[in-house]
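Enquirer: Below are the structure tokens for one structure; questions will follow.
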């Protein structure tokens, strides 16, 4: 079952967010800190309460196994860009113990249906290039690279 989170779900959502946080800390320790401090834990409550954001969970057998934090963006027209409504996935994580069982795809199907019903023109997300597993998952369900951010790390140069 996929649904919008209730407040009682948020501690479990934070357990999943902690797994994602550690994945990032291992993948890019030069950027991300290990650990899941109180400030990070509190953010899910802020997202849950905000009018322009939601927390979505997927559960099986009474256990939340997947979560997504989403933001509803209304980009205004500018001289450079057309106006757009973007359903933006800020966080997504499947419990490590339940990956490759279709739960992530179920949550993404819910997101697609919700975005369509709300009149959004696209669903977008960003991810770090070290996370090849996530990239393969997103590509398998129809996401395509729309733009790239690149870096030139100067900390190792003499």
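No value in this document is a laboratory result; all are computed from the given coordinates. Source: prediction; values computed, not measured. With ideal geometry, Cβ positions are generated from the backbone for all residues, glycine too; neighbour counts draw on all protein chains shown.
Enquirer: How many nm is it between the label spots at residue 78 and residue 149, if each spot is 7 Å from the Cα in line with the beta carbon?
Expert: If labels sit at residue 78 and residue 149, their model points lie 1.5 nm apart.
Enquirer: Sorted from largest to smallest, which semi-axis lengths in Å does the alpha carbon gyration tensor of the range 6-125 give for its equivalent ellipsoid, taking the root of 5 times each eigenvalue?
Expert: On the way: eigenvalues 128, 69, 41 Å².
Equivalent ellipsoid semi-axes, largest first: 25, 19, 14 Å.
Enquirer: Between rounded, prolate and oblate, where does the range 67-158 land on the alpha carbon gyration tensor, with a ≥ b ≥ c its root eigenvalues, rounded for a/c under 1.5, else prolate if a/b exceeds b/c? Show your work: numbers first, answer last.
Expert: Numbers: a/c = 2.38, a/b = 1.05, b/c = 2.26.
Taking the square roots of the gyration eigenvalues as a ≥ b ≥ c, the range 67-158 is oblate.
Enquirer: Rounded to whole Å, give me the distance from the Cα center of the range 80-130 to that of the range 3-66.
Expert: Rounded to whole Å, the Cα centres lie 15 Å apart.
Enquirer: Points 7 angstrom from Cα along the Cβ direction at residue 90 and residue 37: gap in nanometres?
Expert: In this crude spin-label approximation the distance works out to 1.8 nm.
Enquirer: Going by a ≥ b ≥ c, the root eigenvalues of the Cα gyration tensor, does the range 40-91 fall in the rounded group (a/c under 1.5), the prolate group (a/b larger than b/c) or the oblate group? Mind showing how you got there, number by number?
Expert: Working: a/c = 3.71, a/b = 2.25, b/c = 1.65.
It is prolate, given that a/c is not under 1.5 and a/b is the larger ratio.
Enquirer: How far is it, in nm, from the label point at residue 130 to the one at residue 116 when both lie 7 Å from their Cα along the line to the Cβ?
Expert: Rounded to a tenth, the inter-label distance reads 3.7 nm.
Enquirer: Which shape class, rounded, prolate or oblate, goes with the range 80-128 when its Cα gyration tensor gives a ≥ b ≥ c as root eigenvalues, a/c under 1.5 marks rounded, and past that a/b bigger than b/c marks prolate? Show your work: numbers first, answer last.
Expert: On the way: a/c = 4.18, a/b = 1.83, b/c = 2.29.
Oblate, since a/c reaches 1.5 and b/c is not below a/b.
Enquirer: Provide 36, 92 in ascending order of the number of other Cβ atoms located within 10 Å of each residue's Cβ, fewest first. If you can, show how the numbers build up before the last one.
Expert: Values: 36 17, 92 23.
Ranking 36, 92 by Cβ neighbours within 10 Å, fewest first, gives 36, 92.
Enquirer: Go ahead and collect, in residue order, the members of the range 55-69 whose backbone nitrogen is under 14 Å from a label point 7 Å along the Cα-Cβ direction of residue 101.
Expert: The answer is 58-67.
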